[in-house]
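S.K.: Before I ask anything, here is the structure I am working with.
The values are calculated or read from the model by the stated rules, or taken from the named source; none is laboratory data. Keep in mind that this is a model prediction, so the values were computed, not measured. Glycine also receives a Cβ, built like all others from the backbone with ideal geometry; neighbour counts cover every protein chain displayed. We work out accessible area using only protein heavy atoms, side chains counted, and drop any ligands, DNA or RNA first. Shrake-Rupley method; radii C 1.70, N 1.55, O 1.52, S 1.80 Å.
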Amino acid sequence: MSHQPFETWLLSDEELNPQQKLSLDEHLQTCEECQKLSNALHQVNVVITTSHEPTPQPGFTQRWHKRLLVHRHQEQQRRMWFITLGLFGIAGFIISALLILNHQSINWVYELSNFVANFSLAAARVNQFWSILQSMIKALPILLPIMILFGVGLLSAMTVLIITWFSSLIRLNKPIKEGVSVR
Amino acid sequence: MHEKEALWIKQALQGSDKAFGFLVDSYQRPVYSLCYRMLGNSRDAEDAAQESFIRAYQNLKRYDPKRSFATWLLSIASHHCIDRMRKRQLATVSTDVLQTELIPDRNTPNPESKFQEQEHEIMIQNLMRNLKPLDRAAMTLRYWHEYSEVEIAEALDLSVSAVKSRLYRARQSLAKTWMDTENASLVGERRPYESPAF
């Protein structure tokens with residue numbers, strides 16, 4: 001026996017017209033297989049519609065806020081790792097490129113010791129610069145009044161010099177009066 | 001869209017965790033319910049729902065205010081649950097998890113009704129165990145969230161005809177599982193949802 005289109009009508013969500021409904025009812029009275037399918041679908045529908053709505057445990061939002069903080073911390077750590085690995089990768093690439101460029105005359109021990117020495121020197125210089133900067137910052141309260149005094153003195157002296165220079169220029173450019181003989 | 005909801009979204013877009021917290025508070029039930037129906041146990045449902053909200057917050061800039069916020073959220077939750085099911089092969093629910101959830105708490109006011117509720121839950125999970133993740137998502141949205149086929153298509157990034165065919169196949173599978181359970185009970189096995197007293 002053919003179960004079409006009745007099986008499709010039973011399984012689809014489409015609304016049937018009165019003619020189709022009648023036709024389906026007639027078929028269900030004679031076809032045991034479609035009757036079983038119809039009953040099963042009805043039972044499944046009952047089970048679904050009578051189920052309770054699952055609800056989360058109280059405090060869901062608070063737990064979400066905590067989880068968000070953890071998530072952000074993890075993201076930050078991941079980003080730091082990414083940056084660190086990226087920098088190491090770039091450094092590795094540069095070193096490899098340099099090694100490849102100099103591969104013929106390369107002396108591994110010499111290059112390595114040279115690199116370590118240069119790195120140590122650079123680190124020492126940075127450290128030295130930082131010490132000087134720190135000393136200057138520490139000495140700033142003592143040096144500041146002296147520097148201000150020196151600055152004010154220098155400014156005053158320069159002002160006097162500029163005024164003298166301008167007045168000299170004005171005097172020299174003055175026109176000579178008529179009737180005055182020049183010796 | 002609700003005025004308050006629009007305001008919370010706007011504030012959340014400016015980085016307010018508190019504002020998004022209000023959205024979490026408003027939508028925790030539908031999102032959790034969807035995750036529960038998809039994954040079959042409260043532990044995974046809680047984890048998936050929390051993760052879905054975090055993803056939603058991270059991708060809030062992509063949200064189109066013309067669309068329903070609930071549909072957008074459920075779409076994120078559905079895709080997340082589908083991924084989890086595929087990764088962990090959770091198409092069939094772990095019986096251990098269900099058994100631990102089945103033991104009623106002695107302090108529960110009505111342990112018998114709680115027990116029946118849990119047995120009913122097992123029956124649903126048994127029915128849905130053979131469904132593929134995407135079919136399960138479509139069924140959940142259709143029957144528990146009463147979404148139309150168009151809304152399901154929007155939430156699951158499918159065409160309407162694909163949704164129709166998935167729902168058709170899912171119903172076929174559910175009916176088959178039901179009939180198989182019936183046949184098994186006829187040959188002497190007790191139905192999993194029935195009390196031994198009956």
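S.K.: Just to be sure I understand the filter: pairs with C-beta atoms under 8 Å, separated by 6 or more residues or on different chains, first member in the range B:1-27 and over 14 Å from residue B:58 (Cα atoms) and in contact (Cβ under 8 Å) with a residue 12 or more places away in the chain, second member assigned to a loop (DSSP other than H, G, I, E, B) and open to solvent by 80 Å² or more (accessible area, probe 1.4 Å). Which pairs pass?
M.R.: Partner pairs satisfying both residue conditions: B:1/B:65; B:6/B:65.
S.K.: Identify the single condition in (1) surrounded by 15 or more Cβ atoms within 10 Å (Cβ to Cβ); (2) under 21 Å from residue B:136 (Cα atoms); (3) more than 13 Å from chain A (Cβ to nearest Cβ); (4) modelled with pLDDT of 90 or more that residue B:83 does not satisfy, given that it satisfies every other one.
M.R.: Against the list (1) surrounded by 15 or more Cβ atoms within 10 Å (Cβ to Cβ); (2) under 21 Å from residue B:136 (Cα atoms); (3) more than 13 Å from chain A (Cβ to nearest Cβ); (4) modelled with pLDDT of 90 or more, residue B:83 comes up short only on (1).
S.K.: Moving on. Answer yes or no as to whether residue A:8 is more than 30 Å from residue B:41 (Cβ to Cβ), polar (S, T, N, Q), free of Cβ contacts under 8 Å to residues at least 24 places away in the same chain and at the interface with chain B (Cβ under 10 Å from one of its Cβ atoms).
M.R.: Working: more than 30 Å from residue B:41 (Cβ to Cβ): yes; polar (S, T, N, Q): yes; free of Cβ contacts under 8 Å to residues at least 24 places away in the same chain: yes; at the interface with chain B (Cβ under 10 Å from one of its Cβ atoms): yes.
In short, yes.
S.K.: From the list A:142, A:95, A:132, which one is among the β-branched types (Val, Ile, Thr) and in contact with a helix residue (DSSP H, G or I) (Cβ under 9 Å, 6 or more places away or on another chain)? Before the answer, list the steps.
M.R.: Details: A:142 fails: in contact with a helix residue (DSSP H, G or I) (Cβ under 9 Å, 6 or more places away or on another chain); A:132 fails: in contact with a helix residue (DSSP H, G or I) (Cβ under 9 Å, 6 or more places away or on another chain).
The match here is A:95.
S.K.: I want to confirm something. Restricting to the range B:154-198 and keeping residues that are open to solvent by 80 Å² or more (accessible area, probe 1.4 Å) and at pLDDT below 90, which single residue is nearest to the other protein chains (Cβ to nearest Cβ)?
M.R.: It comes out as B:183.
S.K.: Quick one: would you say residue B:16 is surrounded by fewer than 24 Cβ atoms within 10 Å (Cβ to Cβ) and out of contact with any strand residue (DSSP E or B) (no Cβ under 9 Å at 6 or more places or on another chain)? Outline the logic, then answer.
M.R.: Working: surrounded by fewer than 24 Cβ atoms within 10 Å (Cβ to Cβ): yes; out of contact with any strand residue (DSSP E or B) (no Cβ under 9 Å at 6 or more places or on another chain): yes.
Considered against the rule, which asks whether it is surrounded by fewer than 24 Cβ atoms within 10 Å (Cβ to Cβ) and out of contact with any strand residue (DSSP E or B) (no Cβ under 9 Å at 6 or more places or on another chain), residue B:16 comes out as yes.
S.K.: Any chance the range B:127-147 includes a residue that's within 22 Å of residue A:14 (Cα to Cα), in contact with a Phe, Trp or Tyr (Cβ under 6 Å, 6 or more places away or on another chain) and away from every other protein chain (no Cβ under 12 Å)?
M.R.: Yes: one or more hits.
S.K.: If I ask for residues that are within 13 Å of the chain's Cα centre (by Cα) and open to solvent by 30 Å² or more (accessible area, probe 1.4 Å), which ones from the range B:134-153 would you list?
M.R.: B:142, B:143, B:144, B:145, B:146 - these are the residues of the range B:134-153 that are within 13 Å of the chain's Cα centre (by Cα) and open to solvent by 30 Å² or more (accessible area, probe 1.4 Å).
S.K.: Continuing with this model, one more query. Condition first: within 14 Å of another protein chain (Cβ to nearest Cβ), closer than 29 Å to residue B:135 by Cβ, aromatic (Phe, Trp, Tyr) and open to solvent by less than 70 Å² (accessible area, probe 1.4 Å). Can you find one or more residues in the range B:36-56 that meet it?
M.R.: Residues of the range B:36-56 that are within 14 Å of another protein chain (Cβ to nearest Cβ), as a first pass: B:36-56.
The next check asks that each one be closer than 29 Å to residue B:135 by Cβ; those that pass are B:36-56.
From what's left, aromatic (Phe, Trp, Tyr): B:36, B:53.
Now narrow it down to the ones that are open to solvent by less than 70 Å² (accessible area, probe 1.4 Å): B:36, B:53.
Checking the range B:36-56: at least one residue is within 14 Å of another protein chain (Cβ to nearest Cβ), closer than 29 Å to residue B:135 by Cβ, aromatic (Phe, Trp, Tyr) and open to solvent by less than 70 Å² (accessible area, probe 1.4 Å).
S.K.: When you go through A:116, A:109, A:126 one by one, which is the residue that is modelled with pLDDT under 90 and either open to solvent by 90 Å² or more (accessible area, probe 1.4 Å) or within 30 Å of residue B:128 (Cα to Cα) (or both)?
M.R.: After ruling out the rest, the residue left standing is A:109.
S.K.: Another question, then. Can you give me the number of residues within the range A:1-57 that are at pLDDT below 90, within 26 Å of residue B:128 (Cβ to Cβ), among the hydroxyl-bearing types (Ser, Thr, Tyr) and open to solvent by 60 Å² or more (accessible area, probe 1.4 Å)?
M.R.: Number satisfying all stated conditions: 2.
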